[in-house]
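Read the figures in this text as sums done on the coordinates, not as results from a lab. All values reported here derive from a predicted model rather than from experimental measurement. Note that each Cβ is placed from the backbone with ideal geometry, even for glycine, and that neighbours are counted across all protein chains shown.
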Amino acid sequence: MSEIVKILGNQRNISHLADARALGKLSHAYIINGEAGSGKKTFANYIAAALQCDRHPDLAAGPCMTCPSCIKAATDNHPDIIWVQHEKAGLISVAEVRGQVIDDISIKPYYGPYKIYIISDCQYMNEFGQNALLKTIEEPPAYGIILLLTDNADSLLDTIRSRCIRLDMDRLPSAMIEDILIRQKGLDAAAAKSAAGFARGNLGKALELAEGGSLAQLKSFTEEILRNLNSKVAFELFKAGAELDKIGGMDVLDITRKWYRDVLVIKSTGSREDLYFPNEIRALKEQADRISFEGLNNIMNDIDEARQQLEFSVKAEAVFENMFLRIRRNGKSSRN
Ligand SMILES: [Zn+2]
């Protein structure tokens, strides 16, 4: 992690840390929790640099960006800001935790007042790794600070959680995200609004949509299915379910729900403002005319049920296929 970026939002979290530092009550361990794209690494990088900064004793002022410590941090050369590396995707091993944190933390900081360890993707740290870390979190040296970044704090052991202070990443206001998409990515206002609506306060997701990454791919693929659901045969839906699962389809349900939300808005108010799918107005209008309120209600229930099935770990491709089949049935059999 290099380049220190000014973080957006998250004032609550920064104030908390600034106050704790001013009172000499910084914790030795924090869990920084937030979904993928919510800015956990940016936040950790910023906080670490601010803590080590030579010039700014007040954390709320952020890193000065010009002192030797900040320059070291920004160029990935700060000896006392340690990003824990792991070799295998999806696993942080006990050996890695030992080698890079537990055995290292007793060596005093070289340069700054603290020694800060940042472990991202802590949901991949297995029980052995967490247990090994426990003692270090309980009795760290005075200068030691450990930041545990995760998209699922609940997956960490109770014993770890009870010894850390948890900071949840803020969702950013939609207007802020729209502004960034328009200014930095050149989106027009309608596209920016649509992407910000999908991202629900997650800048990373909004940028991915704007840049046409896998989320954008998932969105356009799901749109295609929903647009043509009536003319698709079961086999095509079966193939689509598998394809969506392959792209990484946990957002499919969210996209599907927003689609039918738009249909419902058009049906009940006739309004074409504030749609998630402003470019799909023809298909949405056709469905709003065709599907009854009861049918739409049943479709929302189908989506909720699919969500529950996913929570119970039913295979995603089967869940999607089944959901589309049921939605298609509920969209057909209705009277206005
Ligand atoms: Zn500085």
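Things worth noting here:
- Whole-number percent relative contact order across the chain, with pairs defined as alpha carbons under 8 Å at least 6 apart: 15
- Cβ crowding within 10 Å averaged over residues, with 104-111, 68-75, 5-12 ranked highest first: 68-75, 5-12, 104-111
- Nearest 10 degrees, 0 to 90: helix 214-227 Cα axis against the chain principal axis: 20
- 0 to 90° range, to nearest 10: angle between helix 281-290 axis and the chain longest Cα axis: 50
- Measuring how big the range 212-332 is from its alpha-carbon positions, Rg and Dmax come out at 13.5, 38 Å.
- C-alpha center-to-center spacing [the range 211-268, the range 69-132] in angstrom: 40
- Summarising the amide proton neighbourhood of Asn10: residues at separation of 5 or more, or on other chains, whose placed amide H is nearer than 5 Å comprise Asp170.
- Residue by residue, the range 138-150 carries 3J(HN,Hα) couplings of 6, 10, x, x, 4, 8, x, 9, 10, 10, 9, 9, 8 Hz when phi is fed to the Karplus relation 6.51 cos²θ - 1.76 cosθ + 1.60 (θ = phi - 60°); x denotes Gly or Pro.
- Taking N as the residue count of the range 177-237, its C-alpha radius of gyration divided by 2.2 N^0.38 Å amounts to 1.31.
- Vicinal HN-Hα couplings computed from phi for the range 48-62 (Karplus, 6.51 cos²θ - 1.76 cosθ + 1.60; Hz; Gly/Pro x): 4, 5, 5, 5, 8, 3, 6, 9, 9, x, 8, 4, 4, 6, x
- Ellipsoid semi-axes for the range 11-168, based on the Cα gyration tensor and the rule √(5λ), read 24, 17, 15 Å when sorted largest first.
- Sorted on the mean count of surrounding Cβ atoms within 10 Å across their residues, most packed first, peptides 237-246, 198-207, 45-54 read 45-54, 198-207, 237-246.
- Estimated dipole of the chain in Debye, rounded to 20 [Cβ of Lys and Arg +1, of Asp and Glu -1, Cα centre]: 600
- Reciprocal mean inverse distance between Cα atoms of the range 115-182 - Kirkwood radius, Å: 13.8
- More than 23 Å apart - percent of Cα-Cα pairs taken over the range 77-158: 16
- Comparing Phe43, Gly90, Thr66 along the charge dipole axis of the range 11-168, the residue lying farthest to the positive side is Thr66, per the Cβ-charge model.
- Helix-only CD estimate at 222 nm, as mean residue ellipticity for the chain, using -39500 (n - 2.57) per DSSP H run (n ≥ 4): -16000 deg cm²/dmol
- Size of the range 146-279 from its Cα atoms: along the principal axes, largest to smallest, the extents are 55, 39, 30 Å.
- Cα-based Rg / Dmax (Å) for the chain: 23.7, 74
- Measuring spread by the Cα atoms of the range 245-292 yields a radius of gyration and Dmax of 11.7, 37 Å.
- The angle separating the long axis of helix 189-199 from the principal Cα axis of greatest extent in the chain is about 70 degrees.
- Environment charge of Gln217, counting only residues whose C-beta is closer than 14 Å and scoring Lys/Arg +1, Asp/Glu -1: -4
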